Amino acid sequence: MPAAAAYSLLNKKENAHDDPIYCCFVTSIKTKDDTKNASEEYLVTGGLDSLVKVWSYKNNRLDILHTLEGHCMAVVSVAVSPDGHIIASASLDSTLMIWELTSGNKINEIKTNATDVWNVSFSPDGTHVVSGSQSGKLVVYNIVTNTVERVLDSRGKFALTVAWSIDGKSVACGSVDGTVYVFDVSQGKLSHTFNAHTQTVRSVDFSPNSKLLVTGSNDGLVKVFDVANENHQSSLKLNSWVLSVCFSGDGSRVAVATADGCVTVALLKELKVLKTFQEHNETVCDLKFNASSNKLFSVSKDKSINIYECPIPTKCDKK
């Protein structure tokens, strides 16, 4: 049976926030009695209501664990450290907040100089967070020492989206002018510039092996690039703005959220569409796979969270 035939909507959490939901992040924490690599799974969401919510995910159900209050404007980005313990949230109030996931306690509040702190991403070791800004500069914060450790300057326009590669070597950002920049973190220098799109780049994500970069834009295009040699590998044209793109943890697929309410899952190879879900009533703002790569979560302006069954393709499917 083709993998696409098994794709399905598992659950829909209506009115998960009182206002549109703008961002999400899926994470897991290993349990103490970890005899069989058991772990607890969580979803973190943020939105127009200025709240960050932490959900426990079990048996295809979401139950609220914490509602984190502190921001005074919309929360536009959330990220979780690789070990699952620390949340970073960015808001239009120009603050970056650091929280402990399991307790819900606020660890730190960083007042930034940026007009807007629009997007955040953790370093692989969980000690740093990078954020984009209207100036086109990316600021690297050390959340252990509470200091700005580095500023990466694209010398471009508003950096709406950022991503830190899993190998820790690169940070990428997407700009409102359609350009994508990749920085060498250790040297603090710009290493690659991709003239990727003709309109605003809304989302970028590195592949699990850090060799590829997927980008999504208002021009309706999803593109995959080889980071090292800057080669454009494949494209997918959709019917609406692309708000979010992400790789599956196994590296076999790319998921795409679009302004027309659709969630699209495509094979990485040639970006062949496996499934398009039309389960949201409004713009899909963000989406993420779980650690096992067999579930996909999406959030929308319709205030709902959707959970999808997304089976990992077999070798036959990948051909």
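The values are calculated or read from the model by the stated rules, or taken from the named source; none is laboratory data. Note that the structure is a prediction, hence the values are computed from the model and not measured. Positions of Cβ are backbone-derived with ideal geometry, glycine not excepted, and every protein chain shown enters the neighbour counts. Keep in mind that these areas ignore ligands, DNA and RNA; they rest on the heavy atoms of the full protein, side chains included. Shrake-Rupley method; radii C 1.70, N 1.55, O 1.52, S 1.80 Å.
Taking the chain as a Gaussian network of alpha-carbon nodes connected by springs under 10 Å, the highest mean-square fluctuation of the residues 185, 242, 54 belongs to 185. In this entry, region 225-319 is assigned a mean projected area of 6.2 nm², taken as a quarter of its C-alpha convex hull surface.
For region 204-301, the number of Lys pairs with C-alpha atoms closer than 15 Å, counting only pairs eight or more positions apart or on separate chains, is 9.
Taking every protein chain into account, the 1.4 Å probe leaves residue 241 with about 120 Å² of accessible area, to the nearest ten. Taking the Cα centre of the chain as origin and assigning +1 to Lys and Arg Cβ atoms and -1 to Asp and Glu Cβ atoms, the resulting dipole is close to 760 debye. Comparing 138, 267, 96 in a Gaussian network model of the chain where C-alpha atoms under 10 Å apart are linked, the largest mean-square fluctuation is found at 267.
A crude spin-label estimate for the pair residue 199 and residue 226, with each label 7 Å from Cα along the Cβ direction, gives 3.0 nm.
For a straight C-alpha distance cut-off of 14 angstrom, the aspartates and glutamates reachable from residue 106 (same-chain residues fewer than eight places away being disregarded) are 69. With a 1.4 Å probe and every protein chain left in place, work out the accessible area per residue of region 36-159 in Å², rounded to a whole number. Result: 43 Å² of accessible area for each residue.
Applied to region 169-183, the Karplus parametrisation 6.51 cos²θ - 1.76 cosθ + 1.60 on θ = phi - 60° returns per-residue 3J(HN,Hα) values of 7, 10, 10, 10, 9, x, 10, 5, 8, x, 8, 10, 10, 10, 10 Hz, with x for Gly and Pro.
When all protein chains stay in place and ligands, DNA and RNA are ignored, the 1.4 Å accessible-area order of 135, 77, largest first, is 135, 77.
When only C-alpha pairs under 8 Å and at least 6 residues apart count, what is the relative contact order of region 75-195, in percent? It would help to have the intermediate numbers written out before the result.
Working: 326 pairs, mean separation 19.1, N = 121.
Averaging sequence separation for qualifying contacts and normalising by length gives 16 percent for region 75-195.
When nucleic acids and ligands are ignored and a 1.4 Å probe is applied, residue 40 ends up with an accessible area of around 70 Å². Heavy-atom accessible surface of residue 73, to the nearest 10 Å², is about 90 Å², with a 1.4 Å probe and all protein chains retained. Surface composition of region 93-191: carbon and sulfur make up 45 percent of the accessible area, probe 1.4 Å. From the alpha carbon centroid of region 74-125 to that of region 38-52 is 12 Å.
With contacts taken as Cα pairs under 8 Å at a separation of at least 6 residues, the chain carries a relative contact order of 14 percent. Sorted largest first, the spans of the alpha carbon positions of the chain along the three principal axes are 52, 44, 40 Å.
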